[in-house]
Structures are given as C-alpha cells and as structure tokens.
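For reference, the structure is listed below as structure tokens.
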Amino acid sequence: MSPVRTSTVSRYGASRDDVAALVRALDEPDYRARQIWDALYHRTVPLEDATDLPRRLRERLAGDLPTALEPVIEAVSRDGATTKWLWSCARDGAQIETVLMRSPDRATVCVSSQAGCAMGCTFCATGQAGFERHLDAGEIVEQVLRAAHASEQRVSNVVYMGMGEPLANYDAVWTSIERLHDALSISARRITVSTVGVVPAIRRLAEERLPVTLAVSLHAPDDVLRSSLVPLNRRYPLREVIDAAAAFAAAKGRRVTFEYALIHGVNDAPAHADRLAGLLTGARLRGGAHVNVIPLNPTAGYTGRAPVTAAGFAARLSAGGVRATVRRNRGVDIDAACGQLRARVIDGPQGSASATMVQ
Ligand code: SAH
Ligand code: SF4
C-alpha cells in the first residue's frame, strides 16, 4: 500500500480509506484509523489537540494530513453572533470566505464552493471579481470543521451561500455534502444548496440519495429583468428554472426556498411582487414556495442600493399567496455578505473595526 501523499490529500479531503492506508503506511495499529476519524469529526478541537492520540502521532499527522486553509482574517460582529473568516488556500493562495452565525437554537456555517464565480451576477461582489477555481471537497468540508472548532454550539446547519456557484462545482460539492452528513451527522434537510439556476444540475440533485434543501436565487419575476441581473438567465430562463425547482420539490417532498435580493428602483415595485407571486403560485410547487427577501448589500462594483424597507414587498408576496420573510442582514459590520470581505481586503486594506489580521 503506497503512503498517502500530502500533496494530494488534505485533512478533510481524506476518505476513511485514505486514513486507513495512512495508518498502515505509518505502521500504526489498525484501530488508529477509527481514532483519527473520530478526532477529525467527533471532537470539538483541532486534530493537533486531540490528546487521546499519542503526541508523536499527532505531530506526524500534522504533516501527513495537512490543513487546506490558512486563516488571513477572523472578524467577529459587534453583537458577537457572527464570525467570518477569510482563508488563504494552502494549495495556491486562493482566498475564500466562511461565515458562522449563531443563534440560541442553531449554529449555521455558510461555506464557499468556489474561489470567485463565473456567473457574473451584477450586484454580487464575488461575481464582480470573476472566477478563479473550483474548491475541492476537502476545502469545503474544512470550512465547516474550522468554524465548528470556534463554536461553543454544535454546528447544526450548513448553507452553500458563500462564494461561488455550488452547482457549477457539482462533484466536489456533493462529496462534501455526503461527508458532512455521514461523518459529521448533519441532517440532510439542514444542508441548503443555493443556486443561481443551473437547471440540469438541479435535476441531478433531485436524483441524489440525500434530501438536501434547495434554495434558488430568482431576483426578478420576468426574463428581461432577470437577464440584466443574472446573466445565466439567458441560458436557463425563469420558466425552466422554476420547472426544475418544482421537479425537485416533487422528487424530494421538500419545500423550495427562493431568494430575492431587493434593489431599490430595480426589482422592488409592488408590480414585481404581484408578478412573482403569480409565477410561484402558478407553478404548483409541492409544499408551496417560500421567498427569502434579502435587502441588497451594497458592493463596490454596483451602484444599486437597498430600499428603505423590505417589509412591504414581503407583505405583498404574502397577500399574493406566497410565504415570504425578510432576511436580516447579519454581520454587515464585518462585510459578512458573499465575497465582500475578500473584496475589501483586495481593494483596500482598511479592514473593519472588529477584524483581526491573523497573519
Ligand atoms: N451562487 C449561489 C450561492 C452563493 S450567493 C447563488 O447565487 O444562489 C448566496 C446568495 O447571496 C444568493 O441568493 C445571492 O444572490 C445573494 N447575494 C449575492 N450578493 C448579494 C448582495 N450584494 N446583496 C444581497 N444578496 C446578495
Ligand atoms: Fe455567483 Fe451566486 Fe454571486 Fe451570482 S450571486 S455571481 S451565482 S456567487
């Protein structure tokens, strides 16, 4: 059995078989494989601090199962509920973000699935920066574990709403979902994949064994407006996106969530709400539809801004027969929206008041 090569397998990219092969290559007894796996996924501390493993072995593993992410910035919001990391990937220095949000009843980690994003949504900081590369499964899973080590609460929810389009990096994302479910025991329904509407991939997701939650980013109730905000709409127009979402809901028996970034004077008129409600009620989605209204987070590359209030828009959707909630913008003081911390660091190093430069 050849030893695991550190250049290809990172700490959370390693499968159980990889760990077993490593244990054999190190001439350690077989039971160490289970111990190491438990130390990786069932402890609240990093592997280096898993004191049930002999120190010599831990030191060895630090090299043979290296972490994939180096912290650059760790920022805590003023209310203490939100922590955000900017990481540098050990592989090539690509920068990605992770957010941990804690409330009394849950702890949610928001992960990045790509460094950058090729989809080019006009209002999104990640889209403005362009595509760098796909993350591998180990880089995605490690974001959750690193956040878990920093959280007193057990991580109960994972959302793929950080940088990147998860369904454009399907295989790595799915491998990471299986690992989070199988090794970290996060229930499938508490794992949310947010997509801008990659139709074939939504249909593929509907065939998978785990009934994850699907969130679809709509942002507009008609194709002309949506294409101006979301270029992918020219390839997969609204009708096809909503049909795929309906097929997912039917296959999985799960209500689909729709996201709607509310932009003053662009997509926030009562007529937009009425049209969206008509579109979604007409689609006969199993379990009904739920719209998450997200007041726009301003970004440097887009002149739009959030309306004064989003409550009226949500109420109008409700009146039209569609459940709607306004998502509180958490951690705005630490640029906790998609791609914004990285944009700030790259565009100007002023940082935010509560951020700590780690290196
Ligand atoms: N690529 C996926 C997931 C990452 S983005 C997607 O687009 O769904 C997660 C959510 O944040 C999406 O709904 C996206 O539209 C939204 N978003 C991105 N930039 C935003 C901004 N500046 N203000 C408000 N919401 C934003
Ligand atoms: Fe990519 Fe999502 Fe941003 Fe669009 S909103 S550019 S799909 S990360």
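Miscellaneous remarks
- If only residues of the stretch 154-168 that are more than 13 Å from ligand 2 (Cβ to nearest atom) and part of a loop (DSSP other than H, G, I, E, B) are counted, the one that is nearest to Val212 (Cα to Cα) is Ser156.
- When each of Ala250, Ala220 is tested for being in a loop (DSSP other than H, G, I, E, B) and either charged (D, E, K, R) or in the same structural domain as Thr126 (by TED's automatic domain parsing) (or both), the lone residue that passes is Ala220.
- Every residue from the stretch 128-145 that is in a strand (DSSP E or B) and in contact with a helix residue (DSSP H, G or I) (Cβ under 7 Å, 6 or more places away or on another chain): His134
- Residue within the stretch 169-188 that is crowded, with 21+ Cβ neighbours inside 10 Å, within 16 Å of ligand 2 (Cβ to nearest atom), β-branched (Val, Ile, Thr) and free of Cβ contacts under 8 Å to residues at least 40 places away in the same chain present: no
- Residue list for the stretch 48-71, filter: crowded, with 21+ Cβ neighbours inside 10 Å and either of a type in the set (Lys, Arg) or within 22 Å of Thr108 (Cβ to Cβ) (or both): Ala68, Leu69
- Residues in the stretch 99-118 that are closer than 20 Å to Thr82 by Cα, over 13 Å from the mean Cα position of the chain (by Cα) and either within 16 Å of ligand 2 (Cβ to nearest atom) or not polar (S, T, N, Q) (or both): 5 in all.
- Pair list, Cβ under 7 Å, 6 or more apart: the stretch 279-298 residue farther than 15 Å from Ala220 by Cβ, other residue part of a loop (DSSP other than H, G, I, E, B) and within 16 Å of ligand 2 (Cβ to nearest atom): Pro295/Ala306; Pro295/Asn329; Asn297/Asn329; Asn297/Ala337
- Residues (more than 16 Å from ligand 2 (Cβ to nearest atom) and surrounded by fewer than 21 Cβ atoms within 10 Å (Cβ to Cβ)) located in the stretch 194-212: Arg203, Arg204, Ala206, Glu207, Glu208, Arg209, Leu210, Pro211
The values are calculated or read from the model by the stated rules, or taken from the named source; none is laboratory data. Small disclaimer: the values here were computed from a predicted structure and weren't measured. Reconstructed Cβ throughout: ideal geometry from the backbone, glycine too, with neighbour counts over all protein chains shown.
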